[in-house]
Structures are given as structure tokens and as C-alpha cells.
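The values are calculated or read from the model by the stated rules, or taken from the named source; none is laboratory data. Keep in mind that what you see is a predicted model, and the values were worked out from it rather than measured. Reconstructed Cβ throughout: ideal geometry from the backbone, glycine too, with neighbour counts over all protein chains shown. Each accessible area value is taken on the protein alone, full model and side chains, heavy atoms only, with ligands, DNA and RNA left out. Shrake-Rupley method; radii C 1.70, N 1.55, O 1.52, S 1.80 Å.
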Amino acid sequence: MCGIAGFVGLKENSPSNSNVKKCLLALKRRGPDSKGVFTKDYLKKKILFIHTRLSIIDLNKNANQPFVDNEGSLIFNGMIYNYIELKKKLISKGVKFQTKSDTEVLLKILNLYGEEAFKMLDGMWSLAYYNFKKSEIILSRDRFGEKPLYFSNEKKGIYFSNSIKALQE
């Protein structure tokens, strides 16, 4: 179980550093092994991804999140059951990997296929993905809602998390 949270909206409405710290603290019980923050300013907008990790598949710190490569950034809670098969498919297309994590496989498949990637996934998840080239954000949860994803769409922007307590921070 990991903790995810974030914000997408106008820069002037983005959460303060104090709010980010409170959110990380609220998510700590969901992911005590590491924490990370990704921010990106795009025109007048701000993208903020917050993650706390419970290390299960790849214990190496290189698999910590937010997971970022030259095409995108991902925060993810869950498990992709068929990640080994997907990784083989991606390797056959020339994709290179740095970790043994299902998170990296998920990021690479989203980079390559975008929303179509979800048709290939077998698993449970809640996630936020930002594609650098398209300046596109995808928020998603699994088909059955095993992993929650709460959001608040306000004039200030969109706030999201897999924890209601963190969303309130």
C-alpha cells in the first residue's frame, strides 16, 4: 500500500510547503519506506505529485516514486499483476529498464500507449501520470475500484489522493 496525492491548477492556488508536509505526514502510514514530491510549472499552471512508498516488489531506492523518466512522471498505488509479460513486450520494442519494479513498467507503457495502456493492464491501482510531451495528465483507478482515488474539482484546481485524510490537508 502506498500513498498518493496531488494538485493540478493555477500556480497561485497550489498548496503551500506546509500543506505538502502535512499531506506527506498523513500519507506516511500508507507508505513508511520512502517519500517523494514532483513539481512541474507549465505556463501559469502547477502540477504537484506527492508519494509515500511501501516497498514490496523492488526494494531498491531507484524504484522510489514519483517515478520520472524523460517522457513522463508517475505516482502509483497498487500492483500490476501482468507486469512481467508487459515488460517483455516493451523490451521487444526496444524499451530499456533501470529497475525490476512494476511502477517502471507502468510508466513506460503509459509513455508508449497513453490511455490505451489501461486495456493491457491486469491489476489494481490508483495513479496519476503526467506526459511531458503532450502536457497531459491522467488520473485513474482500477476497473473495480479496489484502490481508491478521491478528488476534489474546485475553481482553484483539482486535488486528488487515495486517502481522504491527506486530501483534507
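When you scan region 81-94, do you find a residue that is closer than 17 Å to Ala5 by Cα, surrounded by fewer than 17 Cβ atoms within 10 Å (Cβ to Cβ) and among the small types (Gly, Ala, Ser), even just one?
So far as region 81-94 goes, no, none of its residues is closer than 17 Å to Ala5 by Cα, surrounded by fewer than 17 Cβ atoms within 10 Å (Cβ to Cβ) and among the small types (Gly, Ala, Ser).
List every residue pair whose Cβ atoms lie under 6 Å apart, where the two residues are 6 or more positions apart in sequence or sit on different chains, the first residue falls within region 124-139 and is farther than 21 Å from Arg53 by Cα, and the second residue, located anywhere, is of a type outside the set (S, T, N, Q) and loosely packed, with under 15 Cβ neighbours inside 10 Å.
Ser135/Tyr42
Anything in region 140-169 that is assigned to a loop (DSSP other than H, G, I, E, B) and among the small types (Gly, Ala, Ser)? List them, or say none.
Gly145, Ser163
Could you grab me the full set of residues in region 115-150 that are of a type in the set (A, V, I, L, M, F, W, C) and either exposed (fewer than 15 other Cβ atoms within 10 Å of the Cβ) or over 17 Å from Cys2 (Cβ atoms) (or both)? Quick ask: steps written out before the conclusion?
We begin by selecting, within region 115-150, every residue of a type in the set (A, V, I, L, M, F, W, C); these are 117-118, 120-121, 124-125, 127-128, 132, 137-139, 144, 149.
Ala117, Phe118, Met120, Phe132, Ile137, Ile138, Phe144 - these are the residues of region 115-150 that are of a type in the set (A, V, I, L, M, F, W, C) and either exposed (fewer than 15 other Cβ atoms within 10 Å of the Cβ) or over 17 Å from Cys2 (Cβ atoms) (or both).
Given Leu90, Leu106, which one is in contact (Cβ under 8 Å) with a residue 24 or more places away in the chain and not small (Gly, Ala, Ser)?
Going through Leu90, Leu106 in turn, just one is in contact (Cβ under 8 Å) with a residue 24 or more places away in the chain and not small (Gly, Ala, Ser): Leu106.
Taking region 61-80 as the region of interest, how many residues are over 20 Å from Ile138 (Cβ atoms) and open to solvent by 70 Å² or more (accessible area, probe 1.4 Å)?
Matching residues across region 61-80 total 2.
If you check every pair at least six apart or on different chains, which have Cβ atoms under 8 Å apart with a residue in region 39-50 that is farther than 21 Å from Ala166 by Cβ first and a residue that is surrounded by fewer than 16 Cβ atoms within 10 Å (Cβ to Cβ) and modelled with pLDDT of 90 or more second?
Qualifying pairs under 8 Å: Asp41/Lys11; Tyr42/Ser135; Lys44/Leu10; Lys44/Lys11; Lys45/Leu10; Lys45/Lys11.
Select from region 27-52 the residues that are loosely packed, with under 14 Cβ neighbours inside 10 Å and either hydroxyl-bearing (Ser, Thr, Tyr) or within 14 Å of the chain's Cα centre (by Cα) (or both) and list them in ascending order.
Scanning region 27-52 gives a single hit, Tyr42.
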